[in-house]
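Asker: Here it is, the structure in full.
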Amino acid sequence: MSTIVRWDPFREMATLQDRMNRAFNDIWSQGRRADEDYISGSWMPPVDVRETKDALEIAAELPGLDPKDVEVSVENGVLTLKGNRTFEKAVEGETYHRVERAYGSFERSFSLPTNVDPEKVHAVYQHGVLHLTLPKREEAKPRTIAIKVQDK
């Protein structure tokens, strides 16, 4: 005797997505570099990008970095963040038992939409987070159009 089961395509998609996520997580964890490479290699700071009605806002986590070691530039519609976090070598008589923080240089680039005004970008570094505000051009901001009523 067979049971009739209702097919739910969304459940199938969720199952597939879960399997894909697990597969990629396995690949990333196997591909981890040795500690020495991790210390001297490159890394990517995590970022949040959000849009308001007036601007794009980017927040990049850069704990432990001196703002002087970070460069922000906008060129040809691309915003670029560059920087370097140097590894503090152990002094004689000290030994590191675990190194989990990433060190080395980083570079992140973001293609900007045409409605962003590159001349008005500003950056603030606070509590280890770099906050970038990329204002929209005046003509790109949404506006409400008043409807006039005409009598014949």
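The values are calculated or read from the model by the stated rules, or taken from the named source; none is laboratory data. It should be emphasised that the depicted structure is a prediction, and the values quoted were computed from it without experimental measurement. All Cβ positions, glycine included, derive from the backbone under ideal geometry; neighbour counts span all protein chains shown.
Asker: Assuming Pro142 fulfils every condition listed in (1) within 23 Å of Val47 (Cβ to Cβ); (2) touching a residue at least 40 places away in the same chain (Cβ under 8 Å) apart from one, which condition is it?
Answerer: In the conditions (1) within 23 Å of Val47 (Cβ to Cβ); (2) touching a residue at least 40 places away in the same chain (Cβ under 8 Å), Pro142 misses (1) alone.
Asker: I'd like to check something: does the stretch 23-30 contain any residue that is of a type outside the set (Ser, Thr, Tyr), modelled with pLDDT of 75 or more and either assigned to a helix (DSSP H, G or I) or more than 24 Å from the chain's Cα centre (by Cα) (or both)? Reasoning before the result, please.
Answerer: Quick first cut of the stretch 23-30, residues of a type outside the set (Ser, Thr, Tyr) only: 23-28, 30.
When the remaining residues are screened for being modelled with pLDDT of 75 or more, the result is 23-24.
Keeping just the survivors that are either assigned to a helix (DSSP H, G or I) or more than 24 Å from the chain's Cα centre (by Cα) (or both) gives 23-24.
Among the residues of the stretch 23-30, at least one is of a type outside the set (Ser, Thr, Tyr), modelled with pLDDT of 75 or more and either assigned to a helix (DSSP H, G or I) or more than 24 Å from the chain's Cα centre (by Cα) (or both), which makes the answer yes.
Asker: Which residue out of Leu56, Leu65, Leu134 is closer than 14 Å to Met44 by Cα, in contact (Cβ under 8 Å) with a residue 24 or more places away in the chain and of a type outside the set (D, E, K, R)?
Answerer: Details: Leu56 fails: closer than 14 Å to Met44 by Cα; Leu134 fails: closer than 14 Å to Met44 by Cα.
None of the other options fit; the residue is Leu65.
Asker: Hey, among the residues in the stretch 106-140 that are among the β-branched types (Val, Ile, Thr) and outside any loop (DSSP other than H, G, I, E, B), which one's nearest to the chain's Cα centre (by Cα)? Quick ask: steps written out before the conclusion?
Answerer: Taking the stretch 106-140 first, the residues among the β-branched types (Val, Ile, Thr) are 114, 116, 121, 124, 129, 133.
With the extra rule that they be outside any loop (DSSP other than H, G, I, E, B), the set shrinks to 116, 124, 129, 133.
On the way: Val116: 18, Val124: 16, Val129: 12, Thr133: 14 Å.
The qualifying residue nearest to the chain's Cα centre (by Cα) is Val129.
Asker: Checking the structure you have, find out if any residue of the stretch 66-89 is at pLDDT below 90 and aliphatic (A, V, I, L, M).
Answerer: Looking through the stretch 66-89, none of the residues is at pLDDT below 90 and aliphatic (A, V, I, L, M).
Asker: Also, quick follow-up: Starting from residues that are among the small types (Gly, Ala, Ser) and in a loop (DSSP other than H, G, I, E, B), keep the ones in the stretch 61-105 and report whichever is surrounded by the fewest Cβ atoms within 10 Å (Cβ to Cβ).
Answerer: At the first step, the residues of the stretch 61-105 found to be among the small types (Gly, Ala, Ser) are 64, 73, 77, 83, 90, 93, 102, 104-105.
Of the ones still in play, those that are also in a loop (DSSP other than H, G, I, E, B) are 64, 77, 90, 93, 102.
Numbers: Gly64: 11, Gly77: 12, Ala90: 9, Gly93: 5, Ala102: 15.
Selected residue: Gly93.
Asker: Contact list please: Cβ distance under 6 Å, first residue in the stretch 105-128 and farther than 10 Å from Val74 by Cα, second residue of a type in the set (Gly, Ala, Ser) and surrounded by 16 or more Cβ atoms within 10 Å (Cβ to Cβ), pairs at least six apart or on different chains.
Answerer: Phe106/Gly83
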